[in-house]
Amino acid sequence: MKFVADFHLHSKYSRATSPRMVLGELDSWAKIKGIKVLGTGDITHPEWFKRLKEKLVSTENGLYKMKESESETRFLLTTEVSCIYSKGRRVRKIHIIIFVPSFEIVEKINAHLGWIGNLRADGRPMLGLDAKELVKIVLGISPDCLIVPAHVWTPWFSLFGSKSGFDSIEECFEEYSKHIYAIETGLSSDPPMNWRLSALDKMALISNSDSHSPQKIGREANVFDLENLSYSAIFDAIKSKDSQKFLYTIEFFPQEGKYHYDGHRACEISLSPQESRKYNNICPRCGRSLTIGVLNRVEELADRPEGFKPENTIPFKSLIPLTEIIADAMNVLTNAKQVETEYKNLIKKFGNEFKILLDVTRRDLEAATFSEIAEGIIRVREGKVFIEPGYDGVYGKIRIFSKGEQKTLSKQKTLFQND
């Protein structure tokens, strides 16, 4: 069974998330996007966990579905934990994703973590706990849990982050490093950037949306082909890095991530690593330290040249969300009414967003929508895009068409196609 999975997202109980991050909305958007397996997020939060137990029922081994529903969406129990602690004379802020195979195991984990910190304060709890101790606790409760360092390159809250991270997996997790089988690359890096570190060859590179609103689930994701759909089959495919089972990841173009380049948001300064070095990592406008981004940090730790590809890698495909493609083709904002209308038209015709972005032929696209939108989808598949890199918390700006290239949309089509 071939399917798309997005394991890392948040509920409405996390800070800065949409109130629509509830199970019904997530289930609906999973169908629109074409996602089969969706992480629940936030299983450590008491109120969210209570709702999960009320609304979900166990199906396949370790997966859940909505009660009294014919929906094919499956939920996998996950959470993100923020470990904030001192080590090596530095404050460390490491985010960790935990995959859990059952409600019973979640209850045991929550009972233990509840002794350490306030789980009710945020869907992503902040604990004064060494990351290796978190691994020790969770795997001590169940070795069937999967521990994945989250968005490993972002500056402030990650394993390799320039502000609070480490230089290696072993430095962070010590003797528990052998239990780390995968890392999450994050929006600001892609597999080729991670391939430059030989120490990561043994790791599976997974990608997830880290979504705070329903319509953004699947902006990064993972594609599997498994004989049976189950928690253990997903775990084994990730752990083994079997490219016959773990087919590929779906990626942002990393420049679009909000920490790709170095910079200083307050001064609107964005710099490549080479430019930052010229300024000694100091903002040329205000004299304060730059936020060192993902690309710079990769180059600092890399022991291989750009473009190196190790053997036995999981492939990847870089995509842009369909609403952004439509908006660029129409030369309007993504929240424009005509973007929503044409998005719904395409979903109605072809079933889901991933099918449109990955599989529908140019001919079928041109028969269903404006030629400019069809052209935009094909260009994205071919990587023909223009990107102004993101920096210091500012998302990159991505364009498919050069300025002035968009034509007036064909009058032979209508924005209100219903057939």
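Every number here is computed from the coordinates shown, using simple stated rules; none is lab data. The model shown is predicted, which means the values in this text are computed figures rather than measured ones. Counting neighbours? That spans all protein chains shown, and the Cβs are built from the backbone with ideal geometry, glycine included.
Across the range 234-249, coupling constants 3J(HN,Hα) worked out from phi with the 6.51/-1.76/1.60 Karplus curve, θ = phi - 60°, read 5, 4, 5, 5, 5, 4, 7, 6, 7, 6, 7, 10, 9, 6, 5, 10 Hz, and Gly and Pro carry x.
Summing charges over neighbours of Glu107, with a neighbour being any other residue whose Cβ is under 12 Å away from its Cβ, gives +2 when K and R count +1 and D and E count -1.
A Förster distance of 25 Å, applied to the separation of the beta-carbon atoms of Arg399 and Lys309, puts the FRET efficiency at 0.35. Computed over the chain, the alpha-carbon pair-distance distribution with 20 angstrom bins reads 26, 58, 16, 0, each value a whole percent. Computed extension gain for Ala16 through Lys202, at 0.36 nm per residue and net of the alpha carbon distance, reaches 63.5 nm.
Pairs over the 18 Å Cα-Cα cut-off, from the set Lys33/Lys245; Lys2/Lys241; Lys33/Lys241: Lys33/Lys245; Lys33/Lys241.
Separation of the alpha carbons by more than 26 angstrom is noted, of Lys65/Lys397; Lys65/Lys216; Lys36/Lys403; Lys108/Lys317, for Lys65/Lys397; Lys36/Lys403; Lys108/Lys317.
Amide H to amide H, with H built 1.01 Å from N, Leu247 comes under 5 Å of Val223, Phe224, Asp225, counting only residues 5 or more places away or on other chains. Other residues with beta-carbon under 11 Å from the beta-carbon of Ser71 carry, at +1 per Lys or Arg and -1 per Asp or Glu, a net charge of +1. With one equal scatterer per alpha carbon and no solvent term, the Debye-computed log10 I(q)/I(0) for the range 321-399 at 0.18, 0.21, 0.24, 0.26 1/Å reads -0.72, -0.95, -1.17, -1.32. Residue by residue, the range 174-185 carries 3J(HN,Hα) couplings of 6, 5, 8, 4, 5, 9, 9, 9, 8, 10, 9, 6 Hz when phi is fed to the Karplus relation 6.51 cos²θ - 1.76 cosθ + 1.60 (θ = phi - 60°); x denotes Gly or Pro. Highest GNM mean-square fluctuation among Val37, Val360, Val298, for the chain modelled with Cα contacts below 10 Å: Val360.
Applying the Karplus relation 6.51 cos²θ - 1.76 cosθ + 1.60 with θ = phi - 60° to the range 201-209 yields 3J(HN,Hα) values of 4, 7, 8, 6, 9, 10, 9, 9, 6 Hz, where x marks Gly and Pro.
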